[in-house]
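**Q** The structure is given below, and queries will be raised subsequently.
The values are calculated or read from the model by the stated rules, or taken from the named source; none is laboratory data. Nothing here was measured: the structure is a model prediction, and the numbers come from that model. Every residue, glycine among them, receives a Cβ derived from its backbone with ideal geometry; neighbour counts consider all protein chains shown.
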Amino acid sequence: MHARTLICALLLISTTCTPGAFAQPDERELSRRGRMGIQLEATPEGGIRVTGVFDATAAARCGLEPGDVFVRINGRDASDPASFSNAATSIRAGQETPIIVRRDDQDVLLTMIPDERPPETLTGATVEYGALWLDDDTGVRTLLTRPDSPPDDLRAPDGSLPAVLLIQGIPCASVETLNNPAHPYSQIISRLSNAGFVTLRVDKPGVGESTGTPCPDCGFDIELEAFGAGLDMLAQAEGVDASRLYIVGISMGVCQAPLVAKGRDVAGIVTFGGGVEPWFSYWMNNFRERALISGEDPAQINERMRRWRTVIAEMLIFKKTPDEIRAKYPELTDALELNLDRPAGRHYTFHQELDAHDLASAWASSSSDVLAVHGEYDLIATSDDHRTLVDIVNTHGSGRAEWRVIPGMGHGFTVHDSLEESFTAIGQGRPSTAFYEMCAEWIDQHARSPGR
């Protein structure tokens, strides 16, 4: 996704929250995110520039102008797409928000009072905003949808309905996407809701209206805690059939799904675009494949990977900090071309904690049935990743697993003419609903199966 598209989506998503079925035991609530009312683009220098200001919005009232380049929001750096996205999560409706922008080579301080955003809506369903609280008092936003008229033959004898937890990918972006119907998560949720399923999304700590450490600085395990608490909450929600709980894991969500399901009663798991091998192995193999598909000299790739294996092993296996690695191997880290502090936009501890988990064992102990879906032109996760996952479940788990391939599909749910095109233009191919429909159909059939 282009930076401009991503930033605009973050700003225009609806985020007003209303009391839902998930009342917190201590009755704490999460405050609402605010809306600026602007359009943005990434500058050639890597900054974030205002390209449009909508009339009668907070941005218009505070004096933001097209051409302004963001410097800081609420005291947080906002000078590039990643830091801007992080800073934008601190904006709350009705609260004074100091903003510094660069205008005509000068820094200008503005004070904005953001507007409330309208809540999510979904035709044929009710969206309930709630929250849950983690052990360290981090509050995370929950978004539950209930179908208005589910089919009677999907109900259990007591009238309860099956339910699905969606676990998102690695980016620090909110899953509050329903007001953008084209978003992949909206596509999945709408189909499941239309089929009669209750669905739940859980924003990560430090994302959207969730509190706590900003997501780029968070680790892997606190996300597991949040998703696990969400699944427990879903199992206890009014009108939910706890014997028919499902997980849909997307990309990084594939790594998290078996860990969240472990020790819990999950009827089925659908995965797309994720793997099962140790995170160190994944890094080494995947970065090699990316270099090869980019047409680099294989001999040079091998030499680079020899340097990388030392540095990555120090980080992931021996749990060294980036500063310790840089001090020990200056000749390697200088030429690494990798952001050691935040690889893939996430804190290095996120990757360390992920590598410490044995994903294969988690899948081996699974009692869930599994559908593993691979996009033919998905370089982020290969067909071997999915076949291995299925083999582990069928050999060691008590559930049954199958894998399917969607021709031409890349990691961004779009269809391409080649693997090379898919890799260089992730998410920019021809739109396809193949996975969304396959996911909803499999879960629907499974939930109705008397022999599941």
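**Q** Could you give every pair whose Cβ atoms fall below 6 Å, whose first residue belongs to the range 383-394 and is in the same structural domain as Ser368 (by TED's automatic domain parsing) and touching a residue at least 12 places away in the same chain (Cβ under 8 Å), and whose second residue is small (Gly, Ala, Ser) and part of a helix (DSSP H, G or I), counting only separations of at least 6 or pairs across chains?
**A** Note: pairs meeting the criteria are Ile392/Ala360; Ile392/Ala364.
For (1) crowded, with 20+ Cβ neighbours inside 10 Å; (2) at pLDDT 95 or above; (3) among the aromatic types (Phe, Trp, Tyr); (4) under 22 Å from the mean Cα position of the chain (by Cα), each residue gets a yes or a no:
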{"residue": "Leu354", "(1), (2), (3), (4)": "yes, yes, no, yes"}
{"residue": "Gly412", "(1), (2), (3), (4)": "yes, no, no, yes"}
{"residue": "Glu421", "(1), (2), (3), (4)": "no, no, no, no"}
{"residue": "Gln445", "(1), (2), (3), (4)": "no, yes, no, no"}
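**Q** Something else: Considering only residues of the range 426-451 that are free of Cβ contacts under 8 Å to residues at least 12 places away in the same chain and either touching a Ser or Thr at 6+ places or on another chain (Cβ under 9 Å) or not charged (D, E, K, R) (or both), which is nearest to Ile247 (Cα to Cα)? It would help to see each step written out before you state the result.
**A** In the first step, residues of the range 426-451 are kept if they are free of Cβ contacts under 8 Å to residues at least 12 places away in the same chain; the result is 441, 445, 449-451.
Restricting the remaining residues to those that are either touching a Ser or Thr at 6+ places or on another chain (Cβ under 9 Å) or not charged (D, E, K, R) (or both) gives 445, 449-451.
Details: Gln445: 15, Ser449: 17, Pro450: 19, Gly451: 19 Å.
In this case the residue turns out to be Gln445.
**Q** Of the numbered conditions (1) modelled with pLDDT under 90; (2) in contact with a Pro (Cβ under 6 Å, 6 or more places away or on another chain); (3) not hydroxyl-bearing (Ser, Thr, Tyr), Arg244 satisfies every one except a single condition; which is it?
**A** Failed condition: (1).
**Q** Which one of Ala362, Ala327, Ala335 is modelled with pLDDT under 95 and assigned to a helix (DSSP H, G or I)?
**A** Every option except Ala327 fails the conditions.
**Q** Let me ask another. Evaluate the following for Thr271: is it assigned to a loop (DSSP other than H, G, I, E, B) and either surrounded by fewer than 18 Cβ atoms within 10 Å (Cβ to Cβ) or not charged (D, E, K, R) (or both)? Break it down into steps so the answer makes sense when it comes.
**A** Numbers: assigned to a loop (DSSP other than H, G, I, E, B): no; either surrounded by fewer than 18 Cβ atoms within 10 Å (Cβ to Cβ) or not charged (D, E, K, R) (or both): yes.
Answer is no for this residue.
**Q** Which one of these is surrounded by fewer than 16 Cβ atoms within 10 Å (Cβ to Cβ), in contact with a strand residue (DSSP E or B) (Cβ under 8 Å, 6 or more places away or on another chain) and at negative phi: Arg306, Arg264, Arg290, Arg244?
**A** Arg264
**Q** Go through (1) outside the structural domain of Pro216 (by TED's automatic domain parsing); (2) surrounded by fewer than 18 Cβ atoms within 10 Å (Cβ to Cβ); (3) not in a helix (DSSP H, G or I) one by one and return the number of the condition Ala344 breaks.
**A** Failing condition for Ala344: (3).
**Q** Find the residue count for the range 285-317, including only residues that are within 26 Å of Val254 (Cβ to Cβ) and outside any helix (DSSP H, G or I).
**A** 2
**Q** Further question: Which one is farthest from Gly46 (Cα to Cα) among residues in the range 91-106 that are buried (at least 17 other Cβ atoms within 10 Å of the Cβ) and within 28 Å of the chain's Cα centre (by Cα)?
**A** Ala93
**Q** Here's a follow-up. Which of the residues spanning the range 28-68 are crowded, with 16+ Cβ neighbours inside 10 Å and part of a strand (DSSP E or B)?
**A** Across the range 28-68, the qualifying residues are Arg33, Gly34, Arg35, Ile38, Gln39, Leu40, Glu41, Ala42, Ile48, Arg49, Val50, Val53.
**Q** Identify, by number, the condition in (1) in a loop (DSSP other than H, G, I, E, B); (2) aromatic (Phe, Trp, Tyr); (3) within 23 Å of the chain's Cα centre (by Cα) that Tyr282 doesn't meet.
**A** Looking at each condition in turn, Tyr282 falls short on (1).
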